[in-house]
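Enquirer: This is the structure, below, for whatever I ask next.
The values are calculated or read from the model by the stated rules, or taken from the named source; none is laboratory data. All values derive from a computational prediction rather than experimental measurement. Methodologically, a virtual Cβ is constructed for each residue, glycine included, from the backbone with ideal geometry; neighbour enumeration extends over all protein chains shown.
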Amino acid sequence: MNILILGSGGREHALAWAVKQNPKCDRLIVAPGNAGMAAIAECASLDINDGAAVVEFADAQSVDFVIIGPEAPLAAGVGDALRAAGIKCFGPSAAAAQLEASKAFTKEVCDACGAPTAGYARFTELAPALDYVKAQGAPIVIKADGLAAGKGVVVAMTIEDALAAVEDMLGGAFGEAGAEVVIEEFMEGEEASFFILSDGKNILPVGTAQDHKRAYDGDEGPNTGGMGAYSPAPIVDDAVVAKALSEIVQPTVDEMARRGTPYQGVLYAGFMIKDGQPRLVEYNVRFGDPECQVLMMRLGAQALDLLLACAEERLDTAQVNWANDHALTVVMAAKGYPGSYEKGSRISGLDALSEDSKNMVFHAGTGLRDDHIVATGGRVLNVTARGSSLAEAQARAYEMIDAIDWPEGFCRRDIGWRALG
Ligand code: AMP
Ligand code: GLY
């Protein structure tokens with residue numbers, strides 16, 4: 001079959017790598033892709049947020065299956081446009097993508113289905129929001145309702161920070177996304193991410209992971225899109241999995257179906273776990289980046305069968321064949337990220353690395369200039385390894401990192417610390 005993957009990050013390179021290994025994949029196109037994906041697929045230039053353009057391209061190229069990587073095209077209804085044109089696709093409708101695009105919507109769904117989550121209130125007016133914060137006290141969490149590129153959440157440890165965040169958001173710092181704020185109870189515990197496929201009715205868990213959001217070692221420095229991840233997450237034991245699925249995920253999927261907006265795609269659920277009880281922090285409607293890299297490393301070629309079963313509404317008959325192993329990915333970013341950084345620096349040493357089912361460098365912001373790989377973004381490479389233990393995967397990933405010559409880049413040296421102790 002002919003397969004089109006939309007996106008250009010490490011997540012999409014990992015999806016492309018897994019899909020390409022499956023014999024069902026005859027032709028693989030990525031749009032827009034990056035230098036890493038160009039080595040295994042055809043790259044097409046296409047406005048991936050324009051549903052009509054994606055449909056036209058998919059038709060012209062006889063694409064049988066489209067995998068949508070990032071949230072923007074999902075929220076823009078690219079999945080709806082494809083399905084309306086009779087093209088199979090992986091990723092939810094715009095209506096179902098509200099689970100990520102609106103925090104207030106997600107809270108409402110949790111209320112309707114009884115899923116455990118933080119207590120909350122919603123505000124569009126400044127004065128009552130400030131009064132609410134003063135009455136609740138700190139710590140407290142302030143969230144812009146809409147998509148704010150991961151920056152719309154302030155975990156305020158003091159009342160002053162909380163009041164300033166409310167003023168910022170309702171004052172227009174996030175534009176439309178901040179026209180409404182959700183003010184939430186601060187939940188204590190350890191956080192983990194859980195990835196579950198849903199075909200609208202049936203669910204199938206495809207792995208757990210933990211991310212490292214801060215830029216520097218020891219979880220210091222500014223928040224980023226994620227500096228490294230590993231899978232599985234040891235905090236998520238079988239009892240937590242069972243509770244999360246029966247109390248949170250399945251009720252959410254049932255509620256979305258009841259509303260006439262069934263959820264089809266991957267649910268990336270963030271849970272706060274305390275005393276063995278998971279509570280929902282948030283849903284995303286796509287794979288995490290870099291969490292996807294470790295999931296794909298562990299799933300390999302079967303990932304395509306699972307995504308197809310999801311799109312064809314037959315997850316009840318699908319199953320995951322787990323290897324009893326661990327994967328870990330370290331993000332190499334341009335110095336300065338997540339602030340401003342230089343583009344165009346050369347990266348050497350990649351050709352000498354052996355890449356196979358246990359060792360892979362997934363590209364994010366890379367391009368090709370004069371036959372040389374150059375950095376074109378903030379997060380640039382995802383150096384990923386698999387091992388029979390997490391320690392082995394970690395050691396292997398850092399061995400690869402040490403063989404890469406990129407003076408303008410940096411990475412954290414402690415990915416996996418929480419699980420390795
Ligand atoms: P979100 O974008 O909703 O994932 O929030 C970003 C981060 O803020 C989460 O990954 C948590 O670490 C933290 N966070 C969000 N909501 C809460 C909450 N109610 N209690 C504690 N931490 C939270
Ligand atoms: N790694 C966090 C995210 O993909 O949202």
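Enquirer: Under 6 Å by Cβ, and 6 or more places apart or on different chains, what pairs join a residue from the range 214-235 that is under 16 Å from residue 271 (Cα atoms) and free of Cβ contacts under 8 Å to residues at least 12 places away in the same chain with one that is away from ligand 2 (no atom under 14 Å from the Cβ) and part of a strand (DSSP E or B)?
Expert: That search, which allows pairs on different chains as well, returns nothing.
Enquirer: Of all residues in the range 388-407 being touching a Ser or Thr at 6+ places or on another chain (Cβ under 8 Å) and crowded, with 18+ Cβ neighbours inside 10 Å, which is farthest from residue 294 (Cα to Cα)?
Expert: 406
Enquirer: Restricting to the range 274-284, count the residues that are assigned to a loop (DSSP other than H, G, I, E, B) and either crowded, with 24+ Cβ neighbours inside 10 Å or within 13 Å of ligand 1 (Cβ to nearest atom) (or both).
Expert: Adding up the residues that qualify gives 0.
Enquirer: Filter the range 178-202 down to the residues that are under 18 Å from the mean Cα position of the chain (by Cα) and more than 16 Å from ligand 2 (Cβ to nearest atom), then identify the one that is nearest to residue 250 (Cα to Cα).
Expert: 198
Enquirer: Still on this structure: Just checking, which of 75, 95 is under 20 Å from residue 145 (Cα atoms), of a type in the set (Gly, Ala, Ser) and either in contact with a Cys (Cβ under 9 Å, 6 or more places away or on another chain) or modelled with pLDDT of 95 or more (or both)?
Expert: Answer to the selection: 95.
Enquirer: Provide a single number: the residues in the range 136-155 that are away from ligand 2 (no atom under 16 Å from the Cβ) and either surrounded by fewer than 18 Cβ atoms within 10 Å (Cβ to Cβ) or part of a loop (DSSP other than H, G, I, E, B) (or both).
Expert: Within the range 136-155, residues that are away from ligand 2 (no atom under 16 Å from the Cβ) and either surrounded by fewer than 18 Cβ atoms within 10 Å (Cβ to Cβ) or part of a loop (DSSP other than H, G, I, E, B) (or both) number 5.
Enquirer: Taking the range 46-85 on its own, how many of its residues are more than 22 Å from residue 101 (Cα to Cα), within 23 Å of the chain's Cα centre (by Cα) and outside any strand (DSSP E or B)?
Expert: 1
Enquirer: Would you mind finding the one in 234, 205 that is at pLDDT 95 or above, surrounded by fewer than 18 Cβ atoms within 10 Å (Cβ to Cβ) and closer than 29 Å to residue 358 by Cβ?
Expert: 205 is the lone residue from the list that is at pLDDT 95 or above, surrounded by fewer than 18 Cβ atoms within 10 Å (Cβ to Cβ) and closer than 29 Å to residue 358 by Cβ.
Enquirer: Would you point out which residue out of 344, 339, 349, 300 is in contact with an Asp or Glu (Cβ under 8 Å, 6 or more places away or on another chain) and farther than 30 Å from residue 113 by Cα?
Expert: 349
Enquirer: Is it the case that residue 241 is within 16 Å of ligand 2 (Cβ to nearest atom) and of a type in the set (Val, Ile, Thr)?
Expert: no
Enquirer: For residues in the range 119-133 being of a type in the set (A, V, I, L, M, F, W, C) and surrounded by fewer than 19 Cβ atoms within 10 Å (Cβ to Cβ), which is nearest to residue 199 (Cα to Cα)?
Expert: 121
Enquirer: Across the range 156-177, which residue is farthest from the chain's Cα centre (by Cα) among those that are surrounded by fewer than 17 Cβ atoms within 10 Å (Cβ to Cβ), part of a helix (DSSP H, G or I) and in contact (Cβ under 8 Å) with a residue 24 or more places away in the chain?
Expert: In this case the residue turns out to be 159.
Enquirer: Same structure, new question: Pairs only if they're at least six apart or on different chains, beta carbon under 8 angstrom, first in the range 136-155 and closer than 9 Å to residue 182 by Cβ, second β-branched (Val, Ile, Thr) and within 16 Å of ligand 2 (Cβ to nearest atom); list them, first residue then second.
Expert: 141/153; 141/155; 142/153; 143/153; 144/153
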